1. Among the residues of the stretch 68-87, what is the count of those that are modelled with pLDDT under 95 and not in a helix (DSSP H, G or I)?
2. Is it the case that residue 77 is near the ligand (Cβ under 10 Å from one of its atoms), surrounded by 13 or more Cβ atoms within 10 Å (Cβ to Cβ) and closer than 18 Å to residue 121 by Cα?
3. Check 154, 149, 133, 109 and return the single one that is within 14 Å of the ligand (Cβ to nearest atom), within 29 Å of residue 58 (Cβ to Cβ) and touching a strand residue (DSSP E or B) at 6+ places or on another chain (Cβ under 7 Å).
4. Output the residue which, of all residues in the stretch 32-67 that are outside any loop (DSSP other than H, G, I, E, B) and surrounded by fewer than 16 Cβ atoms within 10 Å (Cβ to Cβ), is farthest from the ligand (Cβ to nearest atom).
5. Scan the stretch 84-106 for residues that are more than 14 Å from the ligand (Cβ to nearest atom) and more than 16 Å from the chain's Cα centre (by Cα) and report the count.
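The values are calculated or read from the model by the stated rules, or taken from the named source; none is laboratory data. What you see is a predicted model, and the numbers here were worked out from it, not measured in a lab. Cβ: placed from backbone, ideal geometry, glycine included. Neighbour counts: every protein chain shown.
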Ligand SMILES: Cc1cc2nc3c(=O)[nH]c(=O)nc-3n(C[C@H](O)[C@H](O)[C@H](O)COP(=O)(O)O)c2cc1C
């Protein structure tokens, strides 16, 4: 097996994959939809992110990939604390709000919607989603035109025990036809298996 180090050089056969083909190919990968929020000294900011993943259990780490071109990128280089809210099926308008170019601050975008501040990050947590996490960036990895933020999960703000997630597939928002019921609560009251 050959290994390819990501040295930022995408020459050779990789260039045969056009942006159009790449987008079409990866659109077949169904993902959840998240909103990442961060607070700096000036304001609250937020961005819709589907390039999000769970990457380590011990320590608990997640990954979010943010485009260099996004105005949030610059904020996330200076500010290590952020939250990620995983949206529920009924929240597609939130995903749209947080992906519009030239959007106002996250505070304004959430003014008419239930939310609160995270106690660890001071960033805005969107209520009524599937789950929300408070995170601190442990590592930043430049990968092509994005930066991968590897964040330690400082706290789980909430976990929904019912409902269906918002999904993104073939460039469209959708929802699962048959969402399975949430796992039973544990004896400690946690809404997920211990
Ligand atoms: C469904 C969807 C998923 C997106 N996922 C990402 C993502 O994972 N990472 C990212 O940097 N931008 C992502 N974007 C783009 C941003 O949400 C936003 O539209 C873009 O950054 C332009 O706004 P800005 O330059 O003002 O930040 C996504 C947009 C949409 C609609």
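1. Summing the residues that are modelled with pLDDT under 95 and not in a helix (DSSP H, G or I) in the stretch 68-87 gives 0.
2. no
3. Result: 149 is the single residue among 154, 149, 133, 109 that is within 14 Å of the ligand (Cβ to nearest atom), within 29 Å of residue 58 (Cβ to Cβ) and touching a strand residue (DSSP E or B) at 6+ places or on another chain (Cβ under 7 Å).
4. Result: 56.
5. Number of matching residues: 1.
Residue-wise test of (1) in contact (Cβ under 8 Å) with a residue 24 or more places away in the chain; (2) closer than 15 Å to residue 153 by Cα; (3) touching a helix residue (DSSP H, G or I) at 6+ places or on another chain (Cβ under 8 Å).
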| site | (1), (2), (3) |
| --- | --- |
| 26 | no, no, no |
| 55 | yes, yes, no |
| 58 | no, yes, no |
| 78 | yes, no, no |
| 86 | yes, yes, no |
| 100 | no, no, no |
| 112 | no, no, no |
| 124 | yes, no, yes |
